[in-house]
Amino acid sequence: MVIDRIRLRTFTVACAATLVALGTVVVGGATATADTGTAQAAFVDEISLNNATLPGKSADEMIVAGYATCDHLRAGVSVLDEISAVERDYRFGQGTLFVSAATTNLCPDFAS
């Protein structure tokens, strides 16, 4: 019975260590989204999934617009004003989703 408890404890500790190691890999992988190509692809994927693509714009043009959104926010434009500007400039009603995708993927440091 004592041996079973020791084995169980050893197994539990080994599992916990494995989960910690895997968690580190996952967190480390999350920071890889700072990579420009990955961030841009994630941005395009998110706005496509949420039907927040800019009408008549290519993926490259939408990425440029997303970075412009980040620049405006960093310059002090409020999020609500930026949402309104995106909706007005591109004549569509998904400014909230577009700005959210930009801040999440293209300038994640904006929120911090």
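The values are calculated or read from the model by the stated rules, or taken from the named source; none is laboratory data. Nothing here was measured: the structure is a model prediction, and the numbers come from that model. As a convention, Cβ positions derive from the backbone with ideal geometry for all residues, glycine included, and neighbour counts pool all protein chains shown.
What are the residue pairs meeting all of these: first residue in the stretch 58-81, first residue farther than 15 Å from PHE110 by Cβ, second residue at pLDDT 95 or above and part of a helix (DSSP H, G or I), Cβ atoms under 6 Å, and 6 or more apart or on different chains?
Every condition considered, the pairs that remain are ALA59/VAL44; ILE63/GLN40.
Residue by residue through the stretch 33-85, note down the ones that are buried (at least 16 other Cβ atoms within 10 Å of the Cβ) and in contact with a His (Cβ under 9 Å, 6 or more places away or on another chain).
Residues satisfying the conditions are GLU82, ALA85.
Here are some conditions: (1) in contact with a Ser or Thr (Cβ under 8 Å, 6 or more places away or on another chain); (2) modelled with pLDDT of 95 or more. PRO108 meets all but one. Which one does it not meet?
(2)
ASP45 - would you say it is modelled with pLDDT of 95 or more and charged (D, E, K, R)?
Criteria met by ASP45.
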